[in-house]
Structure formats: structure tokens, C-alpha cells
Protein chains: 2
Amino acid sequence: MSSEPSLSALIEALRRLPGVGIKSAQRMAFHLLQHDRDGALRLAGALSGAVAHVHHCERCHTFSEQALCSICADAQRDATKLAVVETPADQAALERTGSYRGCYFVLMGRLSPIDGVGVRDIGVAELLERAADAAVQEVILALGFSAEGEATAHALAQALRARGKTVTRLARGVPVGSELEYVDLSTIAHAMSDRR
Amino acid sequence: MSSEPSLSALIEALRRLPGVGIKSAQRMAFHLLQHDRDGALRLAGALSGAVAHVHHCERCHTFSEQALCSICADAQRDATKLAVVETPADQAALERTGSYRGCYFVLMGRLSPIDGVGVRDIGVAELLERAADAAVQEVILALGFSAEGEATAHALAQALRARGKTVTRLARGVPVGSELEYVDLSTIAHAMSDRR
């Protein structure tokens, strides 16, 4: 797009965002410089601010600006239940349902040997330490049912059961609002065997 | 995703990028904070740097860190030809073909009444001033053949011809490497009437 060094540096930096290729990065740089220099400066400030202030909650590992996140700091939450989720986004989805009032542990990833993500890269040791809390009676593995989510759940369930913890998983079944004929067969088979 | 103010501010700022919705913004923020804080700081620096240093070339209006961009400052370019393009990306595409050695004028947009982009928002007055240079013998409208590109070309051609300038456009025709049966009919009709 240009031989201008500041512009090339901006395009290169934008390309490092997930899902952004060279054309999108050029379009973003062009848009910011031509139409939204204000937004560019705001984004620069937000990036530095987040890097400076956002750390991990000491107990549940999610993003937090305090030592404890707002959920861990809330004495009203049910301390006997610990839901393990992959990301803060998954945690937020579960919170929005309003169906869960227990505590969380956020892995910040899932096992993915292909991408070189092993037991040490996700917070497994911290999870085991957290689950060792005598108040925790049930660990709910609220992981996705992708291949990596399944592998992660399997590894975690083994480690947790070896330490005498009760481990449960989210129910697999037919999504609300869907027609049976369009649901994949393995989901229907699970829904059948887990019928209630 | 979070009640943390720095994180919410980052997600909001990322959402202002073109083509980025709430899910992508969350994913970007998560990726930067979890896996690439270095990249986040680099992007913050690149944004501030580009806003501080990148301005418009005095002659052709493209992005430039100097008063004149490298093409306008190049005395070897053919000053009798002036190609009008919509964006720096279009200019870069034309440069890469190696088929053009003249000068440029970059509109930095195109007329789009629906989006409220009028004659004043793209550099039409500056173009007319630039084209008034006695050295310019031919103005080549290298605009896209979208509805907006056509409308822009029509308006510019009228204004330039009224000032006695020779105005040409890029040839419309069948793209290199394409099968006739898959080319739209209006392109084929243009290619037929412009046959040579």
C-alpha cells in the first residue's frame, strides 16, 4: 500500500490481530487514518491501558483488574460448585443464562497438542490447587464439545477424580429450537442415551 | 465478556475497526491480553506513530510522511499524464502492474450520496486545481466500475472536460484468464462495443 514507514508499521501491527489478513489490515489502516484518527488514538490508549491494568484473578484465573475478580469476590456465590470454562467469553455466556450461581475456574485455553498447547499452558496445576479447597463439592466441566474440548475434559476429569472430587459435565443433547432431522447423528445418539 | 473497565474499553475501541463486530473484538482482546501483550503494545505504538506522522501528499493527496509522496517527488515520472484513483490501495495495484509511469491523484474515496459522501468529501476541488497544471495533457480516470465509481467518474469527467482537459477511462472488458460463459453480460457487451 505504501512506502511510508509509519503506515507500513501500522499495517504490520494490525495483521497480527487474529483473523486479519493483509487486505483487511490495509482497509483498517486506511479507514483509521482517513476517517477516524480519533478512534485510532482511542484504540492506542485502550491497548496500553488494558496491558497495564488487566491481569488474572488469583482464584479463578480470568481477566481482572483487581486481585480477585468480581465473581470470586462475591460472597453470595455458591462455593460448593466450581465450573471450569475455557475462556472469559464462555464464562460470560454461562453467566448470561442466569442458571448458575457457583464459582468458576477459567482455563484460558484448552489442550491442543497440534498447536503445542499442553497441560502447562492451560492452568491445570492452578485448577487442581483451586479444586483442592474443601468447600468445593462438585467440579462442573463446562467445556465445549469440540475434539480439543473433549480431550481437555477427559484429562481434567481423570486428574480431579484421582483427587477424590465429584466431576460432572454439561449435558449433551439436541439444541433448543432445532429440528431433529437437521441435528447431527452423534448428537441425537447422545440425547437418546442421556434421555430423562 | 467482562465488567473490567480497561477490558471493556479495549473491546469497544476494537469494534470501531471496519468489519469487526462484538465477537471478533472480544476474540482480538482475548488473544492480545492472553498471548500477545507485546503485539498489543506494538499496535498501540504503531497507531500513535501513524496518526502523528502520516499526512496527505500536497500534490496527489495520498498518504505521505513528507510534504510530497515518493511518486510526486520523482522527476522521472511522466508529468503529462494524471491517473485519478479512489484509494492508495488502488494506486498500489496500478503501480504493481508496471504499465503506468505517469502521475497520480488519489481521491481518498468516491461519491456515495447514500453514505453522505459528496463532492466536497472527496478531493474534487483539489483535483481540478491539480489538473489545471499546464503540463497535464491527459487525465485518466482509473476508478472502479461499481455504481459509485461510475457516478464519480461521470461527475469528474464533466468537470474536467468543461475545463478543456482530455479525459480517458480504463478499458472495460473481459478479465484475463476468464471464460466468456462465466462473464456477466454487460461486461461482454462493453467488450464487444470496445473491440479492437
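The values are calculated or read from the model by the stated rules, or taken from the named source; none is laboratory data. It should be emphasised that the depicted structure is a prediction, and the values quoted were computed from it without experimental measurement. We place every Cβ from the backbone using ideal geometry, glycine too, and count neighbours over all the protein chains shown. Ligands, DNA and RNA are stripped out before the accessible areas are found, and what is left, the full protein with its side chains, is counted by its heavy atoms. Shrake-Rupley method; radii C 1.70, N 1.55, O 1.52, S 1.80 Å.
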*Between copies, how close do the residue B:116 label points come, placed 7 Å along Cα→Cβ, listed in nm from shortest?*
4.8
*Could you state the number of Å between the C-alpha centres of the range B:49-123 and the range B:25-45?*
31
*asked:* For a quick check: with amide H placed at 1.01 Å from N, whose amide H comes under 5 Å from residue A:102's, ignoring anything fewer than 5 positions away on the same chain?
replied: A:78
*Integer Hz, Karplus 6.51/-1.76/1.60 couplings in order for the range B:17-25, x for Gly and Pro*: 5, x, x, 10, x, 5, 5, 5, 5
*Round to a whole number: what % of the accessible area of chain B belongs to carbon and sulfur, probe 1.4 Å?*
54
*Out of residues 5 or more away from residue B:55 or on other chains, whose amide H comes under 5 Å of its own, with H placed 1.01 Å from N in the peptide plane?*
B:64, B:65
_What's the total accessible area buried between chains B and A, using a 1.4 Å probe, rounded to the nearest 100 Å²?_
4700
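Count, for each residue of A:54-66, the Cβ atoms from other chains sitting within 10 Å of its Cβ, then give me the mean as a whole number. Working shown, then result.
Working: counts 11, 2, 2, 1, 0, 0, 0, 0, 3, 9, 4, 6, 1.
Per residue, the number of nearby Cβ atoms from other chains is 3 on average.
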*Selected from A:25, A:51, A:68, residue furthest toward positive end of dipole (the range A:1-99; charges at beta carbon)*: A:25
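Hey, got the dipole for the range A:1-138? About the Cα centre, +1 on K and R Cβ, -1 on D and E Cβ, debye to the nearest 20?
Values: 14 positive and 17 negative charges, 79 e Å.
Dipole about the Cα centre, nearest 20: 380 debye.
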_Ascending list, in nanometres, of distances separating the residue B:36 label from those of the other copies (7 Å, Cα toward Cβ)_ = 1.9
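For chain B, what is the calculated [θ] at 222 nm in deg cm²/dmol (nearest 500), taking -39500 (n - 2.57) for each run of four or more DSSP H residues and dividing by its residue count? It would help to have the intermediate numbers written out before the result.
Values: 7 runs with 85 residues, N = 196.
Result for chain B: -13500 deg cm²/dmol, rounded to the nearest 500.
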*Rounded to whole Å, how close does chain A get to the rotation axis onto B by Cβ? Give me the residue too, please?*
A:44, 2
*Could you go through the range B:75-84 in sequence order and give the Karplus-derived ³J(HN,Hα) for each residue, using 6.51 cos²θ - 1.76 cosθ + 1.60 with θ = phi - 60°, rounded to whole Hz, and x for Gly and Pro?*
5, 7, 6, 6, 6, 7, 10, 10, 8, 9
_As an exercise, use a Förster radius of 51 Å and the Cβ-Cβ distance of residue B:38 and residue A:138 to find the FRET efficiency, rounded to the nearest 0.05._
0.85
*asked:* Of the candidates B:112, B:146, B:186, which one comes out as most mobile in a Gaussian network treatment of chain B with C-alpha springs shorter than 10 Å?
replied: B:186
*Cβ-placed point charges (K, R +1; D, E -1), dipole of the protein assembly as shown about Cα centre in debye, nearest 20*: 40
*For residue B:117, enumerate residues with amide H under 5 Å from its amide H, sequence gap 5+ or separate chain, H modeled in the peptide plane.*
B:112
*Rounded, prolate or oblate: which one fits the range B:114-196, using the alpha carbon gyration tensor with axes a ≥ b ≥ c (rounded when a/c is under 1.5, else prolate when a/b beats b/c, else oblate)?*
oblate
_Rolling a 1.4 Å sphere over the protein heavy atoms, what is the accessible area per residue of the range B:1-80, to the nearest Å²?_
46
_Inter-site label distance for residue B:195 and residue A:67 at 7 Å from Cα along Cβ, in nm_ = 8.4
